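Before any comments, here is the structure.
Please treat every number below as a calculation from the coordinates, not as lab data. The shown structure was predicted, so the numbers you read here are calculated from the model rather than taken from an experiment. Backbone-built Cβ (ideal geometry, glycine too); neighbour counts: all protein chains shown.
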Ligand code: NAD
């Protein structure tokens with residue numbers, strides 16, 4: 001592992017460049033087309049996890065601001081929902097083009113506030129932009145169906161209508177992509193929105209909201225609330241009868257709490273929650289492809305992805321070779337600031353994350369796991385954790401149960417295919433899964449038998465704006481992306497027109 005990679009590659013951004021990107025970020029909340037102060041003068045300080053340094057202070061909203069934002073979204077809904085699909089499509093297309101023009105600014109901002117390695121931040125911007133393009137295309141293809149009723153006495157028709165004002169709550173690990181994955185289908189279908197980014201990474205959403213304004217979003221259609229008190233601000237919005245839908249991405253624990261708050265109003269819900277993805281490598285796998293896939297599925301975003309491979313199940317025949325190659329790859333990693341274009345492994349989001357990852361590793365080692373690579377928390381500035389490889393991990397270890405959300409690759413060896421499937425499914429989660437095999441029939445058996453909403457066969461990257469993203473079991477409800485993603489923001493109306 002190499003520390004501070006800048007010495008040998010392209011250089012990190014200058015202070016002037018950083019200052020100019022930060023200067024473009026609005027520092028207030030957005031309600032009804034106006035950037036305004038929050039109800040109190042309190043500020044929320046956003047810091048760079050790579051250095052711990054303060055980036056910006058922004059308005060810190062209270063419950064009354066959240067309700068004002070919902071009022072704006074409610075007032076804007078009738079007019080926005082009546083706009084033509086083509087108009088809504090064109091607006092999203094303009095936003096897509098503007099985002100691509102400013103991709104480097106957004107990538108730098110993500111790298112600054114999240115610590116995401118810059119090259120990956122660039123990929124996130126592309127991925128985020130893809131949702132704008134995809135839903136711009138879907139906006140004009142939101143069809144229903146029609147036909148004769150079975151008795152032949154009338155015409156049945158099924159039409160989709162936008163649900164209404166939506167509350168969109170996003171996590172810190174993909175600050176731009178999670179915003180576009182929700183906002184684009186909401187706007188495409190004719191819904192209005194209040195969006196609340198995570199308190200660690202509000203800057204990207206604030207800058208993106210100003211881009212949406214520039215693209216022509218009418219006042220009140222998108223409102224942004226930033227707060228250090230998400231529970232106090234969210235609950236009154238969720239309990240307000242004017243709200244028609246909650247779309248949440250975050251941890252399963254928070255998701256459950258919000259579902260309880262949503263129950264009295266029987267609110268429409270989309271829940272993208274935690275994951276505990278298995279990664280299976282069979283004896284017949286192409287080992288080169290499996291190693292590349294493992295590095296992507298595990299270390300993307302420094303392991304802080306809901307689709308991150310959390311548990312590696314490797315068949316005995318290839319286990320030794322797989323471990324040796326993984327350790328060699330990890331040893332080549334450059335660990336450094338998110339803004340550094342040479343960084344492979346950035347910081348974790350905060351000290352709590354460092355402590356959690358450390359606890360899981362210590363527990364696994366205490367239970368008998370072997371530490372093949374890794375040196376623990378990295379001393380000095382920022383919340384860095386050394387990439388880690390563990391073998392001989394006992395099947396009951398907490399690290400195989402809990403979402404790690406860090407750069408740790410735990411390996412368990414298995415003998416039989418059925419055993420691998422049983423291990424893979426032994427979790428309350430069911431978001432993503434990965435399997436590597438050159439046997440086509442076995443690949444299909446994995447697709448059919450693994451309990452997950454998404455599975456990659458011979459690939460470590462599966463997310464795509466054109467595909468339905470979402471989980472089985474306690475990983476969530478509903479889908480984002482694909483043709484399914486826009487349907488989540490609509491409700492059906494069936495009508496029967498009698499022939500008589
Ligand atoms: P989190 O649940 O702590 O926070 C998510 C959002 O909920 C943030 O906006 C936060 O401000 C808000 N929030 C937190 N507590 C709240 C409360 N009591 N009331 C109302 N709102 C509250 O999750 P996180 O740490 O930001 O994100 C990491 C988690 O997100 C991981 O579990 C990860 O798997 C999950 N995630 C899931 C997906 C997916 O699509 N399934 C994608 C990315 C991240």
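Would you be able to say whether some residue in the stretch 379-395 is part of a helix (DSSP H, G or I) and surrounded by fewer than 22 Cβ atoms within 10 Å (Cβ to Cβ)? Checking the stretch 379-395: not a single residue is part of a helix (DSSP H, G or I) and surrounded by fewer than 22 Cβ atoms within 10 Å (Cβ to Cβ).
Here is the figure for the stretch 164-217: residues that are away from the ligand (no atom under 11 Å from the Cβ), in a loop (DSSP other than H, G, I, E, B) and in contact with a strand residue (DSSP E or B) (Cβ under 6 Å, 6 or more places away or on another chain) total 2. Restricting attention to the stretch 237-256, the residues that are closer than 24 Å to residue 81 by Cα and more than 9 Å from the ligand (Cβ to nearest atom) add up to 10. The residue that is farthest from the ligand (Cβ to nearest atom), among those in the stretch 277-290 that are part of a helix (DSSP H, G or I) and touching a strand residue (DSSP E or B) at 6+ places or on another chain (Cβ under 9 Å), is 287. Taking the listed residues 456, 443, the one that is closer than 23 Å to residue 271 by Cβ and not in a loop (DSSP other than H, G, I, E, B) is 456, with no other qualifying.
For the stretch 235-256, which residues satisfy the criterion of being out of contact with any strand residue (DSSP E or B) (no Cβ under 7 Å at 6 or more places or on another chain) and part of a helix (DSSP H, G or I)? Hits for the stretch 235-256 are 235, 236, 239, 252, 253, 254, 256.
Number of residues in the stretch 257-276 that are more than 10 Å from the ligand (Cβ to nearest atom) and in contact with a strand residue (DSSP E or B) (Cβ under 9 Å, 6 or more places away or on another chain): the value is 5.
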